[in-house]
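Participant: Right, I'll just put the structure down here and ask away after.
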Amino acid sequence: MLTAACRKTTGPGRTMYVRLWSVAQRQSFSSGSAEKPLPGNLMLRHLTSKIKATGPISVAEYMREVLTNPVMGYYVQNDMLGPDGDFITSPEISQIFGELLGIWCLSEWIGAGKPSRFQLVEFGPGRGSLANDILRVFSQLRGALGGAAVSVHLVEVSPKLSQVQAQCLTGDQSQVSASEDEPVYRQGTSTTGLPISWYRNLDDVPRGFSIYLAHEFFDALPIHKFQGTEKGWREVMVDIDPDEPGKLRLVIVPAPTLASTQLIQADEKRRHVEVCPEGGVIVQRLANRIAEDGGAALIADYGHDGTKTDTFRGFKGHKLHDVLASPGSADLTADVDYSYLRRMAGATVACMGPVSQKDFLKNMGIDTRLQVLLRNCADPSTRAQLIQGYDMLTNPLKMGERFQFFTMLNHSRLTRPEQSKGGKKMAPVPKKGPAPLPVAGFSELGLS
């Protein structure tokens, strides 16, 4: 439920009327907007200075500064994962999650015809737990990979997290580049003998057949927020609270912005919309790479298929946290709109999903894998952890329904293999040749 009230805001060189934005849900946060800012909150001072100089800033700019500012950003300064951080991700909950994603990667490589080069690319690898579980699967199934040249490429903006990832994946076998301008800022060798490279941007990752993984990555990308009004779409922005200059507030600006005129679809039925243009750009780049070089992308995140409205929230100490309180001290996130990602990918690739995490993992055989682990485990504590992890991942009331899986594939992946004659490729022949492998996770594999 939204409420609005007119308020006049003044600042150096500016006078504007804005409508105060209030979200009832925020009143239930464990750390409300009344929380006193830390005396030394440099991020808050940085943001208020920016707003005083230029006027209200978009929610996207607010998120970008709070999360990835190179000096004070939350992701740059903190190790936010695990029981002592602000949130726990699926790979931290159970090894089964990463193992099944490793099987998914192998399945898509096989479905693509077993290319001789195989790049595993992960966005925002957290502590490295997911990649570590996947590489363990690759090592155990080395025979299935044959002689493929497998390499690992991690896209990570946080220097601190890259150190944590390197320790997890390589032990002491990694080196930092001598120059900050190098596209590859860290390199190493995994404990299973595979080369690993770290990058700040997707554009720096080498081209070639790749399986791209983005687990809880897109939800942290900056969003623009929009509200439908009697005068049309207006952008929700971040401003200084005139009654308490040490606090921030959300406002609806009275005039259209470039974002509000460009990012809303003409047939949009919702009255409040969140759009992540940065996510759209990344998806387009991924789609182009997959179309030209082969491969697939698997995106797993809190998300919806164009049905939700206000999902912008903060997490601190595993609890909901006011998004505007003590900026830089908490994680900020918004649910991924998969309908938007599908639209941005267009016809360049084939898209499947979203499907719930529960359905994806069950289609991948999580029940069978759990039973195998339990049969081979006699320790009561470990057995209890396995069962608890399974429940957390698949229970619809926990992560089972809230997390959604979405994939982008090269169109050839879903067609029958091409026939060849005299070295020339011919069109697929109906009813001849083997049918393409089903896409694991998005259809039931019938494991027994």
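Participant: Net charge near Asp203, counting Lys/Arg +1 and Asp/Glu -1 over other residues with Cβ under 15 Å of its Cβ?
Facilitator: Local net charge: -3.
Participant: Return the carbon/sulfur percentage of the accessible area of segment 206-310, one whole number, probe 1.4 Å, all protein chains in place.
Facilitator: Values: 2030 of 4060 Å².
Ligands and nucleic acids excluded, carbon and sulfur reach 50 percent.
Participant: So for segment 90-155, averaging the separation of alpha carbon pairs under 8 Å that are six or more residues apart and normalising by length, what relative contact order in percent results?
Facilitator: Answer for segment 90-155 is 45 percent.
Participant: Provide the gained length on full extension for the span Asp367 to Glu401, in nm with one decimal, where the gain is 0.36 nm per separating residue minus the Cα-Cα distance. Let's see the in-between values first.
Facilitator: Values: separation 34, 0.36 × 34 = 12.24 nm, distance 1.68 nm.
Result: 10.6 nm gained on full extension.
Participant: Highest mean first, what order results for 324-330, 435-441, 141-147 on Cβ atoms within 10 Å?
Facilitator: Packing proxy ranking, top to bottom: 324-330, 435-441, 141-147.
Participant: Between Ala144 and Asn376, what length comes free when the chain is fully extended (0.36 nm per residue of separation minus the Cα-Cα distance, one decimal in nm)?
Facilitator: Taking 0.36 nm per residue and subtracting the Cα distance, the gain is 81.2 nm.
Participant: Additional query: Read phi for every residue in segment 123-134 and hand back ³J(HN,Hα) as whole Hz from Karplus 6.51 cos²θ - 1.76 cosθ + 1.60, θ = phi - 60°, with x for Gly and Pro.
Facilitator: Residue by residue, segment 123-134 yields 9, x, x, x, 8, x, 5, 5, 4, 5, 5, 5 Hz.
Participant: Mind giving me the nanometre distance, one decimal, between the label points for Gln175 and Leu320, set 7 Å out from Cα along Cα→Cβ?
Facilitator: It is 5.0 nm.
Participant: Quick one: Karplus J couplings for segment 263-277, per residue in order, coefficients 6.51, -1.76, 1.60, θ = phi - 60°, nearest Hz, x for Gly and Pro?
Facilitator: Karplus values, whole Hz, x for Gly and Pro: 9, 9, 6, 4, 9, 5, 9, 6, 9, 9, 9, 10, 10, 10, x.
Participant: Using the beta-carbon distance between Ala53 and Ala347 and R0 = 35 Å, what value does 1/(1 + (r/R0)^6) give for FRET efficiency, to the nearest 0.05? Show your work: numbers first, answer last.
Facilitator: Details: r = 43 Å, r/R0 = 1.24.
That pair, Ala53 with Ala347, gives E of 0.20.
Participant: Okay, moving on. What number comes out for accessible area per residue over segment 317-419 if the probe is 1.4 Å? Units Å², please.
Facilitator: 43
Participant: Right, another one. Would you kindly derive the ³J(HN,Hα) couplings of segment 247-256 from the backbone phi angles with the Karplus curve 6.51 cos²θ - 1.76 cosθ + 1.60 (θ = phi - 60°), listing them in order in whole Hz, with x for Gly and Pro?
Facilitator: 10, 10, 8, 9, 10, 9, 6, x, 10, x
Participant: Something else now. Amide H to amide H under 5 Å from Arg186: which residues, 5+ apart in sequence or cross-chain, H placed 1.01 Å off N in plane?
Facilitator: Here Ser177, Trp198 satisfy the definition.
Participant: May I pose another question? Of the peptides 296-307, 248-259, 379-390, how do they stack up when ordered by the mean number of other Cβ atoms within 10 Å, highest first?
Facilitator: Descending mean neighbour count gives 296-307, 248-259, 379-390.
Participant: Could you tell me the calculated FRET efficiency between Glu444 and Asn201, based on Cβ-Cβ distance and R0 = 45 angstrom, to the nearest 0.05?
Facilitator: Once rounded, the FRET efficiency stands at 0.75.
Participant: Okay, moving on. 7 Å from Cα along Cα→Cβ at both Asp305 and His411: what's the point-to-point distance in nm?
Facilitator: According to this spin-label approximation, the distance is 2.3 nm.
Participant: Within the set of other residues whose C-beta is less than 14 Å from the C-beta of Arg285, count the net charge using Lys and Arg as +1 and Asp and Glu as -1.
Facilitator: My count for the surroundings of Arg285 gives -3.
Participant: R0 = 41 Å: FRET efficiency of Val184 with Lys231, Cβ-based, nearest 0.05? Provide the component values of the computation, followed by the final result.
Facilitator: Working: r = 50 Å, r/R0 = 1.21.
For R0 = 41 Å, the calculated efficiency reads 0.25.
Participant: Moving on to the next point. Here are some pairs, Lys269/Lys358; Lys225/Lys308; Lys50/Lys160; Lys225/Lys247; which of them have Cα atoms lying more than 18 Å apart in this structure? Display every interim value, and only then the final one.
Facilitator: On the way: Lys269/Lys358 29 Å; Lys225/Lys308 12 Å; Lys50/Lys160 27 Å; Lys225/Lys247 20 Å.
Exceeds cut-off: Lys269/Lys358; Lys50/Lys160; Lys225/Lys247.
Participant: Quick one: net charge around Asp133, please, counting Lys, Arg +1 and Asp, Glu -1 for every other residue with C-beta under 13 Å from its C-beta.
Facilitator: 0
Participant: Still on this model: Roll a 1.4 Å probe over the protein heavy atoms and report the accessible area of His153 in Å², nearest 10.
Facilitator: Surface open to solvent at His153 totals about 10 Å².
Participant: Full extension from Asp267 to Ser116: what is 0.36 nm times the residue separation minus their Cα-Cα distance, to one decimal in nm?
Facilitator: So the chain would gain 49.9 nm between Asp267 and Ser116.
Participant: A further question on this structure: What residues have an amide H closer than 5 Å to that of His215, excluding those fewer than 5 places away on the same chain, when H is modeled at 1.01 Å from N in the peptide plane?
Facilitator: Phe123, Ala300
Participant: Expressed as a whole number of Å, what is the distance separating the alpha-carbon centroids of segment 144-206 and segment 209-275?
Facilitator: First find each Cα centre; the distance between them is then 34 Å.
Participant: Which value, in Å² rounded to 10, gives the accessible area of Glu401 with a 1.4 Å probe and all protein chains present?
Facilitator: Approximately 80 Å² of Glu401 is accessible to the 1.4 Å probe.
Participant: On to the next question. Hey, what did segment 293-384 get for relative contact order, percent, Cα under 8 Å, at least 6 apart?
Facilitator: RCO, segment 293-384: 24 percent.
The values are calculated or read from the model by the stated rules, or taken from the named source; none is laboratory data. Given the structure is predicted, the values throughout are model-derived calculations rather than measurements. Cβ: placed from backbone, ideal geometry, glycine included. Neighbour counts: every protein chain shown. All accessible areas refer to the heavy atoms of the entire protein, side chains included, with ligands and DNA or RNA removed. Shrake-Rupley method; radii C 1.70, N 1.55, O 1.52, S 1.80 Å.
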